[in-house]
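The block underneath contains the structure these notes are about, expressed in structure tokens.
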Amino acid sequence: MLIYALKRLGLAVLVAVVVSALAFLLLRASGDVAIALAGEGARSEDIENIRRIYGLDRPLVVQYLDWAAKMARGDFGTSLFFKTDVHALVLDKLPTTALLALFSLIFALAVSLPLGILAALYPNSWIDRLCLALAVIGQALPSFFFALILMIVFAVMLRWLPVSGSNSWAHFVLPTVVLGYYIAPAIMRLVRAGMIEVLASDYVRTARAKGLSSSSVVLKHALRNALVPVVALAAVQLGFLLGGSVVIETVFALDGLGYLAYQSITHKDLPVTQAIVTLLSLIYVGLTLAADLANAWLDPRIRVGSGT
Amino acid sequence: MTDVAAIPVLDLTAASSGALLRRRILAHRGLLIGTGLLTFIVMVALFAPLIAPHDPYAQDLSRRMIPPVWYEKGNWAHLFGTDNLGRDYLSRVLYGSQISLLIGAAVMVISGLIGTALGLAAGFFGGRVDMIVTFIITVRLALPLILVALAVVATVGGSLWVVILVLGLLKWDRFAVVMRAATQQVRVLDYVAAAEAAGASTLRVIVGEVLPNVLPQLVVVATVEAASAILLEATLSFLGLGVQPPLPSWGLMIAEAKTYMFFSFWLIAIPGTALAILVFAVNMVGDGIRDVSAPGGRG
């Protein structure tokens, strides 16, 4: 287990380094930072000056190492648009997005676990078809359009919830439902498939033969084993939620990291955009690492495995 | 990583004869519905200049925000009404299909070429090549797709071709993952070994023996990716960082109508429904092909 964990950790570090370099290069290569810094209508001497002051005339590798070293120390630079410390800005918005992601995951699990179990217990029943329909609709409906519809129905017509903003818990409800809805089908499918497989297995038959009650068999014996892959998927989905929050937070003007990312992108606020892209990538790397380690711990076959 | 292993791959061992395949296709309701809808939308896109009742760009400020014909104030000159600049909404929706289809097809081709090449190489050669490709996929998956796409489009400047290129260069990951797994399965089969023993060149074995046998999976991923590219373009355009006005992108139309949506819901409902129908059709075709090409039909 230790060897597997170390190997996996080494890979994660390597991925983190490459991803941060890519995030740095991609955004650096796609526009001239000095021009963006100088603002529109700046003279070419000013642009040259800025290039020198900010060290933009150095080789890219040096610039990256400098930037990465500063990031590692928690110095994310200064926002060009908000004129404040990026580190403080990002830390200020992170809790909102983390909460949204957590709520969405809980909502998705609350919907997909019971539905997935029922669909597995009664294949081809109406409940199974309902699950399929939910998945098909979710696949076809753009998330921002779904968000607008919910906004019109629950905020404008019924007046149950606020339209947009982030001042209260009520502001989290609609974004949570939208984001959660988009990850629920994947979890539902996995639960259903896992339950069907496990329910047909020998130890469940044994448990039934021992005369255990049906609910005890389903919930205690079958579900626990069917949940193993769900844990891994949930961790990866959490990373997806952090990325997907850009669209949903922007639609609902929920003041989190995603909305900040959108604002920084539209205002060409490069330090903020870079910090968020890098941060989200690193969170994803961390989550998949955690998921793989959890899986290896739960399922010994992975860590001994074929050595790949 | 987790993602790479989690995607299931079809069993390729059973082959179906032509007649059997035809029967399966005709018996598959989803595939028929999907193909029908998709054909309809492709026809609309191709013949938009002939069927559209008005010029989709012609503004008429004296005829702004006319509701569709099924509303009390609607009229037959504008079946779907007009937008805030007095442009005929039906004509814009019809022309919008061209943009969505072009995005879906072009992104699918670009990302398909990159992903298939990577996946085939990794699955066929294994070893070090596989390690490198898997690493590249892992890195790509760690980058937040929407965020990077938005940032790049914002700095380069939004246009139809920029969106296509950015999405095409970012969205190859699923192609690579599925093609890698499928190739690994085919690689060990007898006919590949036979071709190699017969002295066929590596390229020839890959193109002549491996590729045709992973084609069903390739087609299924291609439909999934086309659908997702269409949705992504709509999302980027909705956020103002995709296709630029006055092009009638469905996502952009929803963005332009957002200010009025509380009073004129149809302004967002019409392009939104068009998007949903197209993506639904593409998904149905993909699901149908997967079911039909899998041994034993629906699993």
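Coordinate-derived values only; no laboratory data. Model, not experiment: these values are computed from the prediction. Don't worry about glycine lacking a Cβ; one is built from the backbone with ideal geometry, like all the others, and counts go over all protein chains shown.
General remarks:
- Relative contact order, percent, the stretch A:147-240 [alpha-carbon distance under 8 Å, six or more residues apart]: 22
- Rel. contact order, % - alpha carbon contacts under 8 angstrom, at least six apart, chain B: 26
- Diffusion coefficient of the stretch B:60-179 by Stokes-Einstein, Kirkwood radius over Cα pairs, 10 °C, 1.306 mPa s: 92 µm²/s.
- Cα centroid separation, the stretch A:205-262 to the stretch A:3-20 (Å): 25
- Restricting the calculation to Cα atoms, the stretch A:2-158 yields a radius of gyration followed by a Dmax of 24.1, 73 Å.
- Mean residue ellipticity (222 nm) of the protein assembly as shown, computed from DSSP H runs ≥ 4 via -39,500 (n - 2.57), nearest 500: -23500 deg cm²/dmol
- Taking N as its residue count, the alpha carbon Rg of the protein assembly as shown over 2.2 N^0.38 Å: 1.02
- Residues whose amide H lies under 5 Å from that of A:T78, counting only those 5 or more places away or on a different chain, are A:V86; hydrogens are built 1.01 Å from N in the peptide plane.
- The distance between label points at A:L91 and A:I137 comes to 4.3 nm (points 7 Å beyond Cα on the Cα→Cβ vector).
- Computed from the C-alpha gyration tensor, the three semi-axes of the ellipsoid equivalent to the stretch B:179-299 are 44, 17, 8 Å, from longest to shortest.
- Exercise: per-residue mean of other protein chain Cβ atoms within 10 Å, B:149-160: 5
- Order of B:E72, B:E196, B:E256 under a 10 Å beta carbon neighbour criterion, fewest first: B:E72, B:E196, B:E256
- Based on C-alpha pairs under 8 angstrom that are at least 6 apart in sequence, chain A has a relative contact order of 26 percent.
- Scalar couplings 3J(HN,Hα) for the stretch A:144-160, obtained by applying the Karplus form with A = 6.51, B = -1.76, C = 1.60 to θ = phi - 60°, are 5, 6, 4, 4, 5, 5, 4, 4, 5, 6, 8, 9, 9, 6, 8, 6, 7 Hz; x denotes Gly and Pro.
- The phi-based Karplus calculation (6.51 cos²θ - 1.76 cosθ + 1.60; θ = phi - 60°) puts the 3J(HN,Hα) values of the stretch A:187-204 at 5, 4, 4, 5, 4, 4, 4, x, 5, 4, 5, 5, 4, 8, 7, 5, 5, 6 Hz, whole numbers, x for Gly and Pro.
- Near the amide H of B:T82, within less than 5 Å, lie the amide hydrogens of B:M65, B:I66, B:Y89, all on another chain or at least 5 residues away, with H placed in the peptide plane.
- Among the lysines of the protein assembly as shown, pairs at least eight places apart or on separate chains and with Cα atoms under 22 Å apart come to 8.
- FRET efficiency, 1/(1 + (r/R0)^6) with R0 51 Å, evaluated for A:R52 and A:L298 via beta carbons: 0.40
- Across q = 0.13 Å⁻¹, the stretch A:187-248 modelled as identical point scatterers on its alpha-carbon atoms has Debye log10 I(q)/I(0) values of -0.44, in the order of the q list.
- Ordering of B:176-189, A:259-272 by burial proxy (mean other Cβ atoms within 10 Å per residue, highest first): A:259-272, B:176-189
- Packing-based ranking of A:279-292, B:119-132 yields A:279-292, B:119-132, ordered from highest to lowest mean Cβ neighbour count within 10 Å.
- Residues in the stretch A:2-13 carry Karplus couplings, in order, of 5, 5, 4, 4, 5, 4, 5, 5, x, 4, 4, 5 Hz; the curve used is 6.51 cos²θ - 1.76 cosθ + 1.60 with θ = phi - 60°, and Gly or Pro positions show x.
- What the Cα convex hull of chain A gives, in volume per residue, is 172 Å³.
- Peptide-level mean, for B:272-279, of C-beta atoms on other protein chains within 10 Å: 3
- FRET E, pair B:T202, A:T206, Förster distance 51 Å, beta-carbon r, rounded to 0.05: 0.50
- Of B:V224, A:I117, B:M261, farthest towards positive along the dipole that unit charges on Lys, Arg, Asp, Glu beta carbons give the protein assembly as shown: A:I117
- Evaluated at q = 0.10, 0.21 Å⁻¹, a Debye calculation over the C-alpha positions of the stretch A:72-224 (equal weights, vacuum) places log10 I(q)/I(0) at -0.55, -1.22.
- Semi-axis lengths, largest first, of the ellipsoid equivalent to the stretch A:151-194 are 28, 11, 7 Å, with √(5λ) applied to each eigenvalue of the Cα gyration tensor.
- Kirkwood hydrodynamic radius (C-alpha pairs) into Stokes-Einstein, chain B, 20 °C and 1.002 mPa s, D in µm²/s: 101
- Computed FRET value (nearest 0.05) for A:L60 with B:I33, which takes r as the C-beta separation and R₀ as 56 Å: 0.60
- Net charge in the neighbourhood of B:P271 (other residues with Cβ under 13 Å of its Cβ; Lys, Arg +1, Asp, Glu -1) is 0.
- Each Lys and Arg contributes +1 and each Asp and Glu -1, all at the Cβ; summed about the Cα centre of the protein assembly as shown, the dipole is approximately 1380 debye.
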